[in-house]
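**Q** Input: one structure, supplied below.
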Amino acid sequence: MSGNGPAFTAELPDGTLINRRLSRQPTYHFPLANLVRLAIYGGIESNSYEVPLEPFLDMIPNLRRLQKLSISHSFMPLTRPNRSAHQFPRLDASSLTEVSINDHAMNVGFIMSCIILPLTAHVRLQAIVGPLRHEDYPPEEYIHVLRRMLPVNHDCLPALKEYHKLEIRREVGNCELTLSTPGLPGKLEIILFAPPLPVEPRALPEYQWLSRGVDNALIRDVRSLFPRLPATHLEFFCDVAIVSPAEWTNCLAQFPALRRLSVDDKKLENPHTTLLDALRRRPLVCPLLDHLELYGAAEAVGDLRNIRLCLEERRAGTGRRMKVFMAELHGGQRCAISPREVEDYQGLFAGLAQQSIFQFNRDGAQQAVEGRERRLGL
C-alpha cells in the first residue's frame, strides 16, 4: 500500500487479499463481483481525507457476493450531493451478514440507501455529533442526526419494519438504539457519539441541561424514527426523573402493541413516579402490556405504594393481572422504608402478577450497580 488515503482491503473467495489506498479520485478496478469482504478504514483523522463518497456509491451494486462490509471514517461529508439518495443504484445484498459503518451521519444514510439488506444481517451504524453546544446542537438535533443515518427508503433495511424489540440507551452524551427480535438472528444497532463531558465547571450546567433535553427528545420522538416498527418490547435506559407523565404517555401511546416494558434509571437514584403515573392513567396506554420491569430507587414507602396503585389500576382496566412484574430497587442514604414494609409489599406485588420478583436493597448504591452488571452480563 502507498499514499495516505483510507486503507482499502478486499478479500476474494479463495482468501486472496487486495490492499490499496484510496485517493481523491478513487477508481475501483478490482474483481468487484467476486469480493466476499470489504473493509475501508480511515482511522480517526477522517476530516483530513478528501475522498468523495459518490464514486463508491456507484460501485456498490457490483458487490453481488459481498458477505461482510466495514467502513470507518473514510469519506468526505456528503453535504451537497449531486444526486439524491433515490437516484443512486442499489444492491440486493442477500449474502451480506455483517455491516459496520462509522462515518458522517449523512454518509451513513446514503450508503444504507444503496443496499437492500436481508433481515438476518447484523448491522452497526455509528456517527459523531458535536461540538456539543446548545447553539449548534439543540436536543432535537440528535433526532435529526439519527434520522440522517437511516436509508431514505426503509424497505432497504427490513429491520425497521420487522423487528419487535427496541432498546434505547442514553449515557453521558451518547445514545444507542438497538433493534432485534429475541431468538432470531439479525440485529440493528444505531449509535451516536458525543464529545466527553467538558472539564470547565462553567460549561457543566449547559451540558447537563442539554443531556436532559436529549433524553426528553428521544422518548418523545423515537417513534418518528421507526414509524413502521411493530414493537412489542421496549427497554429504556435513561434519567427517569426528568421525563414527565405526559411525555411517557405520548411515547407509549405510539406503541399500542407493546407487551413488555423495561425502564432502568441510569443514575440508580430515582423512583419511577412519572412512568407509573402515565401507566395508570385512563384510558390506559398499551392495553396489551403484561410484562413490566423497573430498575432504580425507592426511598419512601410512597414509592412502593405508587407501584401497587399502578398494578391495581391496570388490573382493573384490563381485567387481568400482569403476567410478569420485576423490580430491583435500592433505598439510598435517605431510605425510610422498613424491612417489614418491604416484606408487606412483596406479598402485595405477588398478588398483582402471575410472577412477581421484587428485590430491594435498603442501603448501598454499589449493590445496585453490581446487580445491574450481573443482569447485563458486564
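**Q** Give the residue that is modelled with the highest pLDDT, with candidates limited to residues of the range 131-152 that are surrounded by 14 or more Cβ atoms within 10 Å (Cβ to Cβ) and over 16 Å from residue 221 (Cβ atoms).
**A** 151
**Q** Could you please let me know if residue 303 is more than 29 Å from residue 338 (Cβ to Cβ) and of a type outside the set (A, V, I, L, M)?
**A** No: the conditions fail for residue 303.
**Q** Given the criterion closer than 28 Å to residue 250 by Cα, open to solvent by 10 Å² or more (accessible area, probe 1.4 Å), at pLDDT below 95 and not in a helix (DSSP H, G or I), identify the matching residue among 334, 282.
**A** Testing whether each residue is closer than 28 Å to residue 250 by Cα, open to solvent by 10 Å² or more (accessible area, probe 1.4 Å), at pLDDT below 95 and not in a helix (DSSP H, G or I) leaves just 282.
Residues checked against (1) at pLDDT below 80; (2) more than 25 Å from residue 193 (Cβ to Cβ):
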| residue | (1), (2) |
| --- | --- |
| 12 | no, yes |
| 25 | yes, yes |
| 38 | no, no |
| 43 | yes, no |
| 53 | no, no |
| 62 | no, yes |
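**Q** Please count how many residues of the range 76-98 are free of Cβ contacts under 8 Å to residues at least 40 places away in the same chain, surrounded by 17 or more Cβ atoms within 10 Å (Cβ to Cβ), in contact with a helix residue (DSSP H, G or I) (Cβ under 7 Å, 6 or more places away or on another chain) and not in a strand (DSSP E or B).
**A** Residues that pass the stated criteria total 2.
**Q** Filter the range 6-23 down to the residues that are in contact with a Lys or Arg (Cβ under 9 Å, 6 or more places away or on another chain) and touching a residue at least 40 places away in the same chain (Cβ under 8 Å), then identify the one that is most open to solvent (accessible area, probe 1.4 Å).
**A** 13
**Q** Looking at the range 81-97 only, could you name the residues that are closer than 16 Å to residue 65 by Cβ and hydrophobic (A, V, I, L, M, F, W, C)?
**A** Matches in the range 81-97: 91, 93, 96.
**Q** Within the group 282, 220, 259, which residue is under 24 Å from residue 140 (Cα atoms) and either without any contact (Cβ under 8 Å) to a residue 24 or more places away in the chain or among the basic types (Lys, Arg) (or both)?
**A** Details: 282 fails: under 24 Å from residue 140 (Cα atoms); 259 fails: under 24 Å from residue 140 (Cα atoms).
One residue alone meets the criteria, 220.
**Q** For the range 343-360, what are the residues that are modelled with pLDDT under 95 and crowded, with 19+ Cβ neighbours inside 10 Å?
**A** Passing the criteria: only 360.
**Q** A further question on this structure: Touching a helix residue (DSSP H, G or I) at 6+ places or on another chain (Cβ under 9 Å), among the hydroxyl-bearing types (Ser, Thr, Tyr) and either open to solvent by 20 Å² or more (accessible area, probe 1.4 Å) or modelled with pLDDT under 95 (or both) - does that describe any residue in the range 174-183?
**A** Looking only at the range 174-183, we keep the residues that are touching a helix residue (DSSP H, G or I) at 6+ places or on another chain (Cβ under 9 Å), and these are 175, 177, 179-181.
If we keep only those that are among the hydroxyl-bearing types (Ser, Thr, Tyr) as well, we get 180-181.
Subsequent filtering for residues that are either open to solvent by 20 Å² or more (accessible area, probe 1.4 Å) or modelled with pLDDT under 95 (or both) retains 181.
Checking the range 174-183: at least one residue is touching a helix residue (DSSP H, G or I) at 6+ places or on another chain (Cβ under 9 Å), among the hydroxyl-bearing types (Ser, Thr, Tyr) and either open to solvent by 20 Å² or more (accessible area, probe 1.4 Å) or modelled with pLDDT under 95 (or both).
The values are calculated or read from the model by the stated rules, or taken from the named source; none is laboratory data. All values derive from a computational prediction rather than experimental measurement. Every residue, glycine among them, receives a Cβ derived from its backbone with ideal geometry; neighbour counts consider all protein chains shown. Accessible surface is based on the protein model in full, side chains and every heavy atom, while ligands, DNA and RNA are left aside. Shrake-Rupley method; radii C 1.70, N 1.55, O 1.52, S 1.80 Å.
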